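Since the structure comes first, as structure tokens, the remarks are kept for the end.
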Amino acid sequence: MGFQHPDISKFPQYANVIGEDKETGGSGEAWAHVYPATGKVTREIKLASPADVDRAAAAAKAAQPAWRALPGDKRRDLMFKLASVIEANAAEMTPLLTAESGAIILSGPHMSADAAQKFRYYGGWADKIEGRTVKTWGGPAHDYVAYEPYGTIGVIVPWNGPLFAATMVIAPALAAGNCVVLKAPEIAPWSLMKFMELVQQAGFPPGVVNLVTGGADVGASMVDHPGIDKIEFIGSGATAKKILASASQLLKPVGLELGGKSAVVVFADANLQSAAKRGLTGAVSAAGQGCVNGTRLLVERTIYEPYLEMLQVMAGHIKIGDPFAADTIMGPVISESALNRIHGMVERGAKVGGRVLLGGERLGGDHAQGYYYPITILADVTQDTEIAQTEVFGPVLAVTPFDSEEEAILLANGTDYGLGAYVHTNNVARAHRVAGQMMAGQVQVNGSGEAMTPCVPFGGMKHSGHGRLGGIEGLREFQQVRNVWVNLQD
Ligand code: NAD
């Protein structure tokens, strides 16, 4: 027995795409990619090096004037075409998404549909980029504001959902007239390699989107590269600090989409079934490896024990196993070191009073060959502990009771993060009152992820980042503003 290993004969063949050139490998180190469900190597890739980044930045720079000058309707049509190509190739993309990170096969079609939607949404903006005129004070003048692209955007994404993260940036960046140097993370490289095939199939001019596959050194060289005009970074706060330090030397703008410890606030008047089902998704969705997963459950004391009971019963119905199996709902975590980090946090959480209701030990049997951690629920977690304050990035829920609305708000806002917040209540006034006090970029009332469409701004407050992707705010992220004043007097 054992879990199915990916079919590597279907993997994309090129690691870098620079201008017109498709390169099977870069000029950097070799990397052996590991499939998390079996712990075995899939294929070795030769990663990019800073020299490859240099060529990619040059290709983007060369392509950008023509891309910027291309009429908006032409940019729109290419982006619409890419959306259709992504949809037509969803069946090929899906197994790659599973192979690269152990994401369940069930989630693949949604990922392609989401990527296509982003190119349709922002393709729709490409022919609607307008400025505005301003009535200035003083003498007769004509004053207008124009929105211009930056030039080249360096896109650095994490291993969890690289296609999701990259397209969230690339679609608005292209619509605004920028070119792109994209880094595929070496830990999960296959979907972005495939994405590049689709970009080429759609007929984008060479150099508009370039790909380098690599790790931290490649990302760092993108940040340091004078030919890359803005960095959009999606990843951890620890890496963001290094990026900001380097970018400060070139005064380079950086957009940051970082981690979270999002609160799920459950009031006694909520629909408990729905609040428990949605509360559980914080652990189950991507095995808890999602930036915006609700992983801190704050539950009104009068319903605390029944809610915990419900969570445990529901968790018992979640099938954890082979990500390639159609009925698997939760897969592995990304690596052995992630397993150890998660387990260490659970152990320390238990030592300081967390009551382990479920899970808490690495899974054995068939699961032992891969990196499997069970759904783990720690109840009675207190606010000042590591498990309440720090992103676990694994299938772990920390649960804390509260006694009043004021206390719930204090607890929910009481971490350094500010990415998501979820409020469960059937009281409309309370829903708006509490939502309006959440220090988080996304607040969902009686929801758990439905809001993640391209037309809404997504991003964090506090240590969860700054800047927004999605919606008109996402477009503005990749535009610079020019104000022009014309003297009409002489
Ligand atoms: P990470 O910070 O380790 O790596 C992210 C990317 O940065 C990778 O491509 C990596 O190669 C690159 N990198 C590493 N060091 C670098 C450096 N010095 N300079 C430039 N690039 C460098 O994060 P991860 O472990 O891949 O991802 C998990 C984190 O990402 C979690 O904290 C998660 O919450 C966050 N995340 C946030 C969002 C969001 O939209 N807010 C989405 C997904 C993941």
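All of the numbers you see were taken from the coordinates with simple rules; none came from a lab. Quick caveat: nothing in here was measured; it's all calculated off a predicted structure. Using ideal geometry, Cβ is built from the backbone for each residue, glycine included, and neighbour counts are taken over all protein chains shown.
Going from the residue with the fewest nearby Cβ atoms within 10 Å to the one with the most, V445, V299 rank V445, V299.
On a C-alpha basis, how far is the centre of segment 201-231 from the centre of segment 46-119 in Å? Whole number, if you could? Rounded to whole Å, the Cα centres lie 13 Å apart. Centre-to-centre, using Cα atoms only, segment 358-390 and segment 240-276 are separated by 21 Å.
Kindly list the residues of segment 406-442 that lie in the label zone of K277, defined by a backbone N under 20 Å from the point 7 Å along the Cα-to-C-beta vector. 422-427, by backbone N distance to the label point. Computed from Cα atoms, the angle from the helix 272-284 axis to the main principal axis of the chain rounds to 70 degrees.
Straight-line cross-link reach from K252 at under 20 Å between alpha-carbon atoms covers these aspartates and glutamates, not counting any fewer than eight positions away in the same chain: D54, E148, D217, D224, D229, E232, E473, E477.
Mean separation of Cα pairs under 8 Å and 6 or more residues apart, divided by the residue count, gives the chain a relative contact order of 18 percent. A crude spin-label estimate for the pair S27 and D416, with each label 7 Å from Cα along the Cβ direction, gives 3.8 nm. Here V254, V41, V333 are placed in order of increasing Cβ neighbour count within 10 Å, fewest first, which gives V41, V254, V333. Note on S248, S262: ascending count of other Cβ atoms within 10 Å places them as S248, S262, the fewest first. Checking the a/c ratio against 1.5 first, then a/b against b/c, what shape does the Cα gyration tensor give for segment 262-453? Cα axes put segment 262-453 in the prolate bin.
Quick one: grab the alpha carbon gyration tensor of the chain, order the square roots of its eigenvalues as a ≥ b ≥ c, and give me rounded if a/c is under 1.5, else prolate or oblate depending on whether a/b is larger than b/c. It is oblate, given that a/c is not under 1.5 and a/b is not larger than b/c.
Using just the helices of the chain, give the 222 nm mean residue ellipticity in deg cm²/dmol: DSSP H runs with n ≥ 4 each add -39,500 (n - 2.57), and the total is spread over all residues, rounded to 500. After summing the helix terms and dividing by residue count, I get -12000 deg cm²/dmol. Using 0.36 nm per residue and subtracting the Cα-Cα separation, the extra length available between Q4 and A51 on full extension is 13.2 nm.
Can you tell me the orientation of helix 72-88 relative to the chain, as the angle in degrees between its alpha-carbon axis and the longest Cα principal axis, to the nearest 10? That works out to roughly 40 degrees. Under 23 Å of direct C-alpha separation, and excluding same-chain neighbours fewer than eight residues apart, K319 reaches these lysines: K40, K277.
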